[in-house]
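Data first, discussion second: the structure below is written as structure tokens.
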Amino acid sequence: MQFDPTRVSLFTELVSSVAEEMGTTLERVAFSTNIKERRDFSCAVFDEEGRLVAQAAHIPVHLGAMEFLMLRWLREGPRLAPGEFGISNDPFFAGTHLPDISLLAPVEHSGRVVGYVACRAHHADVGGEAPGSFSPVDDVRREGVIVHPQLLTRDATQELLARSRNPDEREGDLEAQRAAVLVGVRRFQELSSRLGEDLPRFIGEARAYAEARTRTALAELPRGEWTAKDFLEDVPAAGEQAEIRLTLRLDGEGGAEFDFTGTAPQQPIGLNATEAVTRSACAYVVRCLAGDTPTNAGCFAPMTVIAPAASLVNAAFPAPVVGGNTETSQRVVDVILQALAAMLPGRIPACSQGTMNNVALGARDWAYYETLGGGCGGGPERAGASGWHSHMTNTANTPSETLEVELPLRVVRYELREGSGGEGRHRGGEGVVRVLEFLDEEGEVSILSDRRLGGAPGAFGGLHGAPGSNRIMRSGGQVEPLGSKTSARLRRGDRLIIETPGGGGWGVQSDA
């Protein structure tokens, strides 16, 4: 097929602007700090068959999973008529974890549905046993409210609002998502009016071009089979380590198979990733390998994922999943990078921090949630970035001023963690130090993190980055170490201290 790259590029920019404007709307009108400040949301556009047409530059773990949701909704979900909205946070219906709530709607033009738009946003609290809905419990039903796929009505959100610790904020954020989806519907309708009957042709051409570019990039890699393994730490039911195994197969003709056979079974702690999350991690790496290629369904057509059922990478109900979206997705990326490093010595960067350092805290009537950046892995051409949200996350941090104005917290310290990056020809990036003082009378903190026992692996002779640490300094001065996955009570004056991991180093330092 003969492509016009200029036409494909212009169309991609045009349709991507629909998703970008959706995101801008959501950011501007949201209530919670997690959405309006950290920008923990994603927006995308789909064709009439549910295939990805374009996405904004938002969160990789959301975006790779949203097409999975859209396709399944059209097969099994309730029918969406023009003017109606669908809502779901069901992890086992192509979702990620309960705090990620998706809204979607059809786009009608000239009497027929020409596509769909959707946004997914992380809500700071959706019920559950601990503020922030991020506690290390053993059942997804203890993590919060499950909103099964349904039409968006007041009844559909009643339980969510009733069980949330801040229902007004939840309702405001849902309305912000609804506003973003409405903007997407209008802009996609305008685009359909502008292009008329040529719209399907442009969508098809962009998808075919992306697939051709991706297959070409994959075909340039060596043909064969490579294996790698890594683990999540501090998982008692798995003997302290829950292993992820990968066999990566390249057929030499542009196809890639990611086979996770041999991975640990799902665990009674919220580290289990849904199939949608695992596919997102694989799609992210494929997208990185594809280079300057439009991001749409064509990018992912060459990819096959084998994820054993009821495993750490394809959880089955009622497995808890809240950290699978954040911790396990990062480890899946690390495993893929290590397989690629064996295939392409000297060309693949070292592992980044390998965790999102989830911190959720609050009390009866408020909740705060944040992920923290850390060190990126050094690479063949440069040192790793410091204090960065890498790989499957793409959020900002919560500004100290916002935390102190809107929540009973004080930011005591927030800085780079010097010396935490792995040594090498190109050093790993530095982690961060975040110290928060609790100012409410009493509350609770939940932490889901990793790389606390061992640091991020280096590559091509580079050294590991420093592992992270979690602890509490009580108001009386005593210090209590915390595990990587734990909850603890807080009282006024207690200080939570989080040190995030550094990135792995790349190359042997003496070669510099």
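Throughout, read-outs are computed from the coordinates displayed, never taken from laboratory work. A quick note: this is a predicted structure, and the numbers were derived from the prediction, not measured. Note: ideal-geometry Cβ built from the backbone for every residue, glycine included; neighbour counts use all protein chains shown.
See the values below:
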item: Förster-model FRET efficiency, 60 Å R0, Val113 and Arg489, C-beta, rounded to 0.05; result: 0.70
item: Sequence ranges 263-273, 285-295, 172-182, ranked by mean other-Cβ count within 10 angstrom, highest first; result: 263-273, 172-182, 285-295
item: Alpha-carbon centroids, segment 146-189 and segment 373-412: separation in whole Å; result: 28
item: Protection proxy ranking, peptides 416-424, 339-347, average beta carbon neighbours within 10 Å, highest first; result: 416-424, 339-347
item: FRET efficiency, Lys229 to Glu190 (Cβ-Cβ, R0 35 Å, nearest 0.05); result: 0.10
item: Pairs of Cα atoms farther than 34 Å apart, the chain, %; result: 34
item: Helical contribution to [θ] at 222 nm, DSSP H n ≥ 4, -39,500 (n - 2.57), averaged over the chain, rounded to 500; result: -9500 deg cm²/dmol
item: Simple spin-label estimate for Ala208 and Glu418 in nanometres, 7 Å along Cα-Cβ; result: 5.9
item: Stretch gain in nm, segment Arg410-Leu182, where the contour uses 0.36 nm per residue and the Cα spacing is subtracted; result: 78.4 nm
item: Contour minus Cα-Cα distance for Gln478 and Thr153 (0.36 nm per residue); result: 112.0 nm
item: Protection proxy ranking, peptides 123-136, 355-368, average beta carbon neighbours within 10 Å, highest first; result: 123-136, 355-368
item: FRET efficiency for Arg28 and Arg364, using Cβ-Cβ distance with R0 set to 30 Å, rounded to 0.05; result: 0.50
item: Hypothetical label at Glu257: residues of segment 292-330 whose amide nitrogen lies under 17 Å (7 Å Cα-Cβ projection); result: 301-309
